[in-house]
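All remarks here apply to the structure that follows.
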Amino acid sequence: MSGINQQIELGGIMVSAEPRTDWTSEAVAKLFELPLNDLLFAAQWVHRQHFDPNAVQVSTLLSIKTGRCPEDCAYCPQSVRFETGLEVHDLMPLEEVQQAASNARAQGATRFCMGAAYRRPKDKDVDKIIAMIKTVNDLGMESCVTLGMLTPAQADRLAEAGLDFYNHNVDTSEKYYAEIISTRTYADRLETLENVRNAGIKVCCGGIVGMGETRQDRVEFLRTLATLPAHPDSVPINQLVRVAGTPLAVAESDDVDTFEFLRTIAVARILMPQSQVRLSAGRTEFSDEMQALCYFAGANSVFYGDKLLTTDNPEANEDLKLFDRLGLEPEVAPDQVSSA
Ligand code: SAM
Ligand code: DTB
Ligand code: SF4
């Protein structure tokens, strides 16, 4: 099968590799219900129309401002409302960010993502973060930041500074959102995404699986992403990391079956054929075999490095070993391509 105009029919659903933004809840639910082999086949077929199936993009995270966040996201160790024993710190000095970015670059990361626990940044914070973005870009990596809500003017300033990606997750369905966060609305989230898109910054937007949401919430979560005016360029799919002290820490019965997580990856790939689908938080709980299946289902990006923002991630050398066993190639920065 070649050429992106082709379609395949599975369970009464036509799947094509052309991006569409008119997905219905019924069609997305039907994709989730497919026999797993059919779903994985369709996802891998779509994946191959747009991507090298054996390439993985690697992004490294750094928490540049940790904790004391006024928001109440029930999953998050950084909310000021929960006792999580976190080591908090204000915005890091530029030199520390530069050192961390340079280490990430040396380990092979091509994107450096800086996260700050803000509801919304102040303009004076944005000034300092702009210097960090320039440092990351000067090192030859793509830059990404996640700072909470942004005004149109702040988004424009970040775009002018050369920011490549802005991460802002919708996290779950609109219906379930209010169960998880009371200090902002889904509409607030969509507004910032619009400001980022209008500024010409690439959008990184995904969510979390395993917060007690239903299958229907996962359907609506992915449908929201796939029916935005443009698909997010990058879609992080996190499995909830249960951090002691957060309200969601104790609800282990909400853990989703690993095949349900896999289905979420595969459906994301089918709905957003040209987006990077990223295996994000939660990988320390995944077996190598589970990760291999996720790559087969269309995941083509990971958070790489021993730490996420505040919690553990698989060791970088473990990831490299797994890539090697699977014949996967981490994407290299343009100036690292050998001229030999
Ligand atoms: N404050 C900013 C915001 O909320 O957009 C940026 C930082 S926030 C930590 C970035 C994302 O990390 C959240 O939207 C959520 O999807 C994810 N996240 C946070 N805590 C998590 C956890 N315990 N498990 C999985 N994902 C988590
Ligand atoms: C995203 O979707 N996941 C990353 C990144 N975007 C910023 C963050 C995961 C955080 C997991 C919990 C922690 O380490 O604090
Ligand atoms: Fe704050 Fe972001 Fe954590 Fe919510 S997810 S508490 S906004 S840092």
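The values are calculated or read from the model by the stated rules, or taken from the named source; none is laboratory data. It should be emphasised that the depicted structure is a prediction, and the values quoted were computed from it without experimental measurement. Note that we place each Cβ from the backbone using ideal geometry, even for glycine, and neighbour counts take in every protein chain shown. Just so you know, the surface numbers come from the protein's heavy atoms only, side chains and all, with ligands and any DNA or RNA stripped out. Shrake-Rupley method; radii C 1.70, N 1.55, O 1.52, S 1.80 Å.
Some observations on this one:
- The 1.4 Å probe gives accessible areas that order Asp255, Asp38, largest first, as Asp255, Asp38.
- Descending principal axes extents, region 1-77, alpha-carbon based, whole Å: 51, 31, 24
- Cα centroid separation, region 27-57 to region 66-82 (Å): 35
- Dipole magnitude for the chain: computed about the Cα centre from +1 point charges on Lys and Arg Cβ and -1 point charges on Asp and Glu Cβ, it is near 540 debye.
- 37 Å tail of the calculated P(r), the chain, as % of Cα pairs: 12
- The residues packed around Pro229, meaning those with a beta-carbon under 9 Å from its beta-carbon, carry a net charge of 0 if Lys and Arg are +1 and Asp and Glu are -1.
- With q set to 0.14, 0.15, 0.20 Å⁻¹, the log10 of I(q)/I(0) for region 87-233, from the Debye formula over equal scatterers at the Cα positions, is -0.71, -0.80, -1.22.
- Area of Val203 that stays accessible when all protein chains are in place (1.4 Å probe, Å², to 10): 10
- Label-to-label distance, nm, for residues given as Leu320 and Asn54 (7 Å Cα→Cβ offset): 1.9
- The protection proxy used here, the mean number of other Cβ atoms lying within 10 Å of each residue, ranks peptides 43-51, 116-124 as follows, highest first: 43-51, 116-124.
- For region 51-90, a Kirkwood hydrodynamic radius built from all Cα pairs, placed in the Stokes-Einstein relation at 10 °C and 1.306 mPa s, yields a translational diffusion coefficient of 128 µm²/s.
- Note on the chain: GNM, Cα springs under 10 Å; of Asp257, Asp312, Asp171, the largest mean-square fluctuation is that of Asp257.
- Count Lys and Arg as plus one, Asp and Glu as minus one, and take only other residues whose Cβ is under 15 Å from that of Glu318; the net charge is then -4.
- Residue order by solvent-accessible surface for Arg81, Arg20, Arg111 is Arg81, Arg20, Arg111, largest first, with ligands and nucleic acids left out and a 1.4 Å probe.
- For the chain, calculated [θ]222 nm from helices alone, where every DSSP H run of n ≥ 4 adds -39500 (n - 2.57): -11500 deg cm²/dmol
- Per the Cα gyration tensor, region 268-317 maps to an equivalent ellipsoid with semi-axes of 21, 13, 8 Å, ordered largest to smallest.
- Accessible area of Leu139 (1.4 Å probe, protein heavy atoms only, ligands and nucleic acids ignored): about 50 Å².
- Solvent-accessible area, 1.4 Å probe, carbon plus sulfur percent, for the chain: 48
- Among residues other than Asn195 with Cβ under 13 Å from its Cβ, the summed charge is 0 (Lys and Arg +1, Asp and Glu -1).
- Cα-based convex hull, region 204-340, per residue volume (Å³, whole number): 131
- Computed with a 1.4 Å probe over protein heavy atoms only, the accessible surface of the chain comes to 43 Å² per residue.
- Semi-axes of the equivalent ellipsoid of region 68-145 are 25, 15, 11 Å, computed as sqrt(5λ) over the eigenvalues of the C-alpha gyration tensor in descending order.
- Taking 4.7 Å between C-beta atoms as the pairing limit, the chain has these partnerless cysteines: Cys69, Cys204, Cys205, Cys294.
- Secondary structure note: in region 57-168, about 5% of the DSSP beta bridges are antiparallel.
- The mean of 1/r over all pairs of different alpha-carbon atoms in region 193-238, once inverted, gives a Kirkwood hydrodynamic radius of 11.4 Å.
- Considering region 1-158, its Cα convex hull presents a mean projected area of 13.2 nm².
- GNM flexibility winner over the chain from Leu31, Leu39, Leu322 (Cα, springs under 10 Å): Leu322
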